[in-house]
1. Quickly run through region 82-135 and pick out the residues that are open to solvent by 70 Å² or more (accessible area, probe 1.4 Å), assigned to a helix (DSSP H, G or I) and closer than 26 Å to Q183 by Cα.
2. So, in region 168-180, exactly how many residues are under 22 Å from D73 (Cβ atoms) and touching a residue at least 40 places away in the same chain (Cβ under 8 Å)?
3. Do you know which residues across region 136-149 are assigned to a loop (DSSP other than H, G, I, E, B) and open to solvent by 100 Å² or more (accessible area, probe 1.4 Å)?
4. Given the criteria surrounded by fewer than 15 Cβ atoms within 10 Å (Cβ to Cβ) and of a type outside the set (A, V, I, L, M), does D231 qualify?
5. Within region 30-56, which residues are in contact with a helix residue (DSSP H, G or I) (Cβ under 9 Å, 6 or more places away or on another chain), under 13 Å from T90 (Cβ atoms) and not hydroxyl-bearing (S, T, Y)?
6. Looking at region 46-56, is at least one residue over 23 Å from L184 (Cβ atoms), loosely packed, with under 14 Cβ neighbours inside 10 Å, of a type outside the set (K, R) and in contact with a Ser or Thr (Cβ under 8 Å, 6 or more places away or on another chain)?
7. Among helices (runs of 4 or more DSSP H) lying entirely in region 151-258, which contain 3 or more residues that are touching a Cys at 6+ places or on another chain (Cβ under 9 Å)?
8. Check N195 against each of (1) under 28 Å from D225 (Cα atoms); (2) touching a residue at least 40 places away in the same chain (Cβ under 8 Å); (3) open to solvent by 40 Å² or more (accessible area, probe 1.4 Å); (4) more than 20 Å from the chain's Cα centre (by Cα) and name the one condition it does not meet.
Amino acid sequence: MIFRSLVVCAGVLLSIPAFGQSSPASPTFEIADVRVGDRQINLGVTGNAIRDGRYELHNATMVDLIRIAHGVDAEKVMGGPSWLELDRYTVIAKTPAGTSEENARVMLRALLADRFKLVVHQDTRPLTAFVMTVAGGKPKMKEAAGGAPPGCQPAPPPQQPEPGVTPKQTGICRGMTMAAFAQLLPRAVGQYLANPVVDQTGLQGAWDFEFSFTPRPLLAQAGRDGITLFDAMEKQLGLKLELKDMPTSALVVDSVDR
């Protein structure tokens with residue numbers, strides 16, 4: 001009995017942190033200044049980088065601040081009051097030496113919790129998105145040859161446009177994964193895609209491909225010679241885009257102070 005009691009006491013003692021010890025605190029900015037900007041001036045978010053121990057983020061809405069701090073797309077930030085997408089802020093902060101970009105995001109999360117009393121939680125919510133799949137079971141793209149940096153670039157317009165021919169927009173992509181391509185599409189061709197794109201092609205690795213389509217504002221002008229982004233992707237790449245409602249991980253705003 002005495003031995004058993006000693007074992008229990010030892011286990012209790014081991015479970016108690018040593019005197020003076022505490023769990024490491026989350027990293028925070030050394031000094032931070034948050035300024036309210038002019039909501040009428042929308043020049044796009046700039047900054048989000050560390051230079052010489054200084055972190056700056058300009059012209060960001062609260063939705064921008066949340067998505068950057070948590071590393072999610074803006075479409076996945078849900079809930080909260082309407083001003084989250086209207087009011088704009090500038091964040092200027094001093095970072096400890098050697099701060100990484102990931103640590104800067106953690107520091108931004110701590111700043112939002114401190115200054116705005118922001119509380120969020122992860123949840124699953126229905127999201128209307130374009131689902132990208134392989135049409136016909138086989139893609140019409142080539143596996144990446146390598147040697148070129150991954151990414152997509154627009155082809156330069158012809159120096160002498162053909163009279164009476166509506167110009168097309170051409171994308172030249174090298175070393176692209178389908179996940180990266182799905183993320184790029186709404187930003188590159190937002191005229192066609194007002195919703196996020198979700199990759200469900202099942203294609204692994206990187207791919208080289210080119211595709212040409214008629215810009216949406218020029219479809220009426222192009223007439224029969226026009227081709228939509230959706231038709232171009234299916235006919236030229238073997239990829240299909242369909243708008244569907246699907247459950248997705250979301251970041252829900254529980255409470256926030258203005």
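The values are calculated or read from the model by the stated rules, or taken from the named source; none is laboratory data. Every value quoted in this text rests on a predicted model; they were computed, and no experiment measured them. Don't worry about glycine lacking a Cβ; one is built from the backbone with ideal geometry, like all the others, and counts go over all protein chains shown. Remember, those area values only see protein heavy atoms, side chains included, never the ligands or the DNA or RNA. Shrake-Rupley method; radii C 1.70, N 1.55, O 1.52, S 1.80 Å.
1. S82, E85, E101, E102, R105, R109
2. 2
3. Selection gives K138, K140, P149.
4. yes
5. Across region 30-56, the qualifying residues are A32, V34, R39, V45, N48.
6. yes
7. 178-188
8. (4)
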